[in-house]
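What follows is one structure encoded as structure tokens, with my remarks underneath.
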Amino acid sequence: MLWLLLTCVLLASSAYGVLLLLGPFVKTVGGSEATYGALSAAAAVPTAAALALLLRFPRAVPPQLLLAGSCLVYAGAAALMAGVHSRNGVLVVAAIVMGTAWAVTYTAAPMIASELATDRSRATLIGYATGTIQAGFGIGPVLGNALRDAGMSYQQVFAVGAALALAAAVLVVPLTIELRRLAAGPAAGGQRDAADEKPLSQPVREPGHPGRAAGTGWRGALRSPSVVPLAMVLLSACVFTTMNSFQTTFADSRQLDFDIFYVTYTVAVIAVRLGLARMLPDSASDRVVAVTTVGMTAAAVAFVFVGTSPVLYCLASLLLGCTYGLGLPAFQARAVNLAGPEERVRMLPMAGLLFEVAILVFPLIAGAVVHSSGYRGLFVLLIAITGVVMALGQIRGRPRLDAQPTGAAPARARAASRRP
């Protein structure tokens with residue numbers, strides 16, 4: 001079943017990666033990095049609204065159906081983008097719909113992976129899902145660039161992205177069948193260790209209110225130790241979206257091939273999330289988090305000194321892929337594991353809300369910085385952001401004792417996120 005989820009995620013994220021060529025396309029119709037940043041930010045409000053609803057009603061719609069619906073909507077918006085030939089209202093509408101649909105896609109995939117996991121394996125399985133997403137992010141732009149080199153127009157490339165998203169939506173059908181079969185199987189409840197709490201699909205209910213979950217949303221998160229990893233997710237999203245969205249124009253400004261970044265970064269992310277994470281006894285431990293945040297800061301510094309050297313460009317991309325690739329699923333898993341039982345069901349939607357809003361809004365800031373101060377100014381800003389992430393990464397994470405079941409907190413603090 002996991003391979004079905006990962007294949008679906010790979011197709012959807014590759015579609016997103018192909019549409020990253022929207023950046024250079026905008027420049028061909030008279031726009032700039034600032035224009036592209038504004039297009040991305042335009043989707044922030046509907047994205048926040050969609051994910052806020054998901055946060056408020058985390059189980060109103062099964063996550064696999066959310067995944068299918070968002071892929072279909074993304075495919076439609078990408079097809080609409082394939083008919084755009086100038087800066088007009090259709091371009092803005094298509095960008096808004098794509099941004100919103102992708103935000104739901106990105107949030108739904110880790111939710112499915114988390115439901116298949118125990119606390120000990122959650123970071124690993126979320127890493128599988130998000131690692132596959134990163135693979136698609138790398139494959140998409142390289143595929144799009146290859147199609148452009150083969151003589152296809154930007155519009156034809158966007159149509160290919162629409163086809164990939166449509167294929168992802170179709171693949172959710174057998175995934176849903178398998179998920180229902182697992183839920184109905186006699187061993188479904190026995191796959192979790194006795195030390196693990198109930199699955200995320202069964203939130204704690206308040207006494208006297210059988211239809212309402214006991215979680216308190218934002219207020220509960222802000223009072224829990226989860227606020228630190230949630231802040232790290234938000235800031236990491238700012239780094240990720242800048243590196244990912246502006247890499248095509250950054251490479252062009254340095255006479256470099258942006259395929260170097262996407263291929264190297266993607267290979268590094270896959271290697272650490274699907275390989276190294278499996279070998280670590282706890283891929284979301286305090287030590288792992290601390291080391292990866294230091295590495296993210298070092299990678300941001302390295303990009304300042306890339307110049308026109310493909311070798312330095314490759315090394316900086318490799319360092320970023322390894323550290324960010326290992327760090328993000330650890331931050332997400334810690335947000336869940338450090339939350340109280342009544343708050344856990346909302347943590348991944350909340351992390352998704354923070355991540356996706358940052359992904360959409362921060363390009364507006366990044367584009368303005370590039371326009372006014374160039375890419376050197378942009379990397380100074382990224383160094384400052386990763387420095388804050390590094391400082392937060394040194395804070396030791398411990399579950400709030402009063403939110404844990406009696407007698408379970410010490411054991412869960414030791415066992416959180418460990419792989420069986």
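The values are calculated or read from the model by the stated rules, or taken from the named source; none is laboratory data. Note that the coordinates shown come from a computational prediction; the quantities given were computed from them, not determined experimentally. Neighbour counts are summed over all protein chains in view; Cβ atoms, including those assigned to glycine, are modelled from backbone coordinates with ideal geometry. Ligands, DNA and RNA are excluded from the accessible area calculation, which covers all protein heavy atoms including side chains. Shrake-Rupley method; radii C 1.70, N 1.55, O 1.52, S 1.80 Å.
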TODO: Could you please find all residues in the stretch 42-55 being in contact (Cβ under 8 Å) with a residue 24 or more places away in the chain and open to solvent by 20 Å² or more (accessible area, probe 1.4 Å)?
DONE: ALA42, PRO46, ALA48, ALA50, ALA52
TODO: Starting from the stretch 290-312, keep only residues that are closer than 17 Å to LEU382 by Cα and free of Cβ contacts under 8 Å to residues at least 12 places away in the same chain, then list their pairs with residues that are part of a helix (DSSP H, G or I) and open to solvent by 70 Å² or more (accessible area, probe 1.4 Å) whose Cβ atoms are within a distance under 7 Å, requiring at least 6 positions of separation or different chains.
DONE: PHE305/LEU312
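Which ones in the stretch 56-65 are surrounded by fewer than 22 Cβ atoms within 10 Å (Cβ to Cβ) and in contact with a Leu (Cβ under 9 Å, 6 or more places away or on another chain)?
ARG59, ALA60, VAL61, PRO62
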Task: Cross-chain or 6+ apart pairs with Cβ under 7 Å, the stretch 152-167 first and part of a helix (DSSP H, G or I) and modelled with pLDDT of 95 or more, then of a type in the set (S, T, N, Q) and open to solvent by less than 40 Å² (accessible area, probe 1.4 Å) - done: LEU164/SER14
Open item on the list: With the requirement that a residue be in a loop (DSSP other than H, G, I, E, B) and open to solvent by less than 50 Å² (accessible area, probe 1.4 Å), what does the stretch 1-29 give you?
Closed with: VAL29
